[in-house]
Amino acid sequence: MENFFTSLLIVVGEMSPYLLLGFLIAGILHVFIPKKFYHRYLSNNNRLSILWAALLGIPLPLCSCGVIPTAIGLKNERASKGAVASFLIATPQTGIDSILATYSLMGLGFAIMRPAAALITGICGGILVNRFVPKENDDTTIINNNTKEKGNRLWRVFRYAYFEMIQDIGLRLLIGLIIAALINVAIPDEFFLHFGSYPLLQMIVILIIAVPMYVCSTGSIPIAAALVMKGLSPGAALVMLIAGPAVNIASILVVRKSLGSRFTWIYLLTIVVFSILFGLLINAIGIGSDISPTYNGTHGDCCATEKSSPSVFRIVCSLLLITFIIIALTMKFLSKFKRQVVKEDSTIYCVEGMHCNHCKASMESAAMNVKGVSAAEATPAANTLVITGTAKEEDICKAVEKAGFNYKGKA
């Protein structure tokens, strides 16, 4: 147990400064770059929109659940299917926070390769979708997702960075850190060396594990780093970093329902094939071969001893990160039991599929476009949508399904 907690604390110390900086940059992007900026460049049915979709999606801190309603919103605003696919594939693989965190644990090579893989994978997936998925004559109305947030911008930056984002990914990040520490103390150093001469087999095994798994781009980093230190090839680790955040069972089902089977197959196969190709490439180049157990508290080498005594700066960053996680997750847990006050003209509906604050914003924006709705409040933790106004239930159902969520009737 002592080795486990030592390993956990050192991993947190290594990542916390980069995570705090990444969260802050993500907050600035969220508040100061209007949503119109993204929609303006993604709504053209050409290859340039596919490139812009990938470029604009890479720095966004959206996980595979949060990117779904955003991508569906782009589709509803007449973005080409290729641009939607590019955004859907590239965005969850990385983000400004995960790029910095990758550098902290896995070095500059991995930090460069992750966004490069996301960009190329997204562009290729978008081109394939435009080529093989037929266009639809969609006469549905455009959903307006440009609702303006009120309040001081600086406060909104910090609230989004250190509360809303951590509410969305904090639990998965915490689980990733714990799993990494467990790997360090529980798995023998020679475990993956038995598969050393079969790097492709390693990648296939990792794919079988990573594709259905629900993990964010940041939470996957300590797991991948710990596995490399136990003998997993860097290429197989990159496969986890690409496929794990980009896709999971829930996202596959929603994409199939909203965008069709052919779109889903191209989306899934693009991620699988290109993750293996980039894994083979990174093994051939030699990136990650110098990763050593720098934060493994179970070893007694000089490097581990040095790393086991973090600086005051890292200790402060670790305490701040842990405090933010505790506050955000506690508030999220308590929101499940929050009593919802229902006015005379309000109705509570059950909506499943909301996992984060991006889902919440997408659901509320979609609901506000329904005729007769004067106010809408979604609560992902409780799977509820409170509608105020005279809207008909069938119209609410259509809006929920169109936004990519599951309508379950009145509460």
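Over the range 215-274, what percent of the accessible surface lies on carbon and sulfur atoms, probe 1.4 Å? Let's see the in-between values first.
On the way: 1110 of 1540 Å².
With neighbouring chains kept in place, the figure for the range 215-274 is 72 percent.
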**Report entry** In Å, descending, principal axis extents of the Cα set of the range 66-131
**Finding:** 39, 23, 10
Query raised in the report: At a probe radius of 1.4 Å, what is the per-residue accessible area of Val273, in Å² to the nearest 10?
Result: 70
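Keeping every protein chain in place, order Cys317, Cys124 by accessible area at 1.4 Å, biggest value first, i.e. largest first. Please report the intermediate quantities before stating the final value.
Values: Cys317 10, Cys124 40 Å².
From most accessible down to least: Cys124, Cys317.
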**Report entry** Per-residue SASA entry for Glu394, accessible area with 1.4 Å probe, Å² rounded to 10
**Finding:** 100
Query raised in the report: Leaving out ligands, DNA and RNA but keeping every protein chain, what accessible area does Trp52 have, in Å² rounded to the nearest 10, with a 1.4 Å probe?
Result: 80
Requested in this report: Could you please put Tyr41, Tyr267, Tyr407 in sequence from largest to smallest accessible area, using a 1.4 Å probe?
Outcome: Tyr41, Tyr407, Tyr267
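Please arrange Tyr349, Tyr18 by accessible surface area, largest first, computed with a 1.4 Å probe and ligands excluded.
Working: Tyr349 10, Tyr18 60 Å².
Highest to lowest solvent-accessible surface, that is Tyr18, Tyr349.
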Requested in this report: Pull out the extension gain between Ala375 and Lys392, defined as 0.36 nm times the separation in residues minus the alpha carbon to alpha carbon distance; nm, one decimal.
Outcome: 4.7 nm
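Tally up the carbon and sulfur contribution to the accessible surface of the range 340-411 as a whole percent, 1.4 Å probe, everything protein left in place.
On the way: 1660 of 3410 Å².
Reported share for carbon and sulfur atoms: 49 percent.
The values are calculated or read from the model by the stated rules, or taken from the named source; none is laboratory data. The model shown is predicted, which means the values in this text are computed figures rather than measured ones. Heads up: the accessible areas ignore ligands, DNA and RNA and are worked out on the full protein's heavy atoms, side chains in. Shrake-Rupley method; radii C 1.70, N 1.55, O 1.52, S 1.80 Å.
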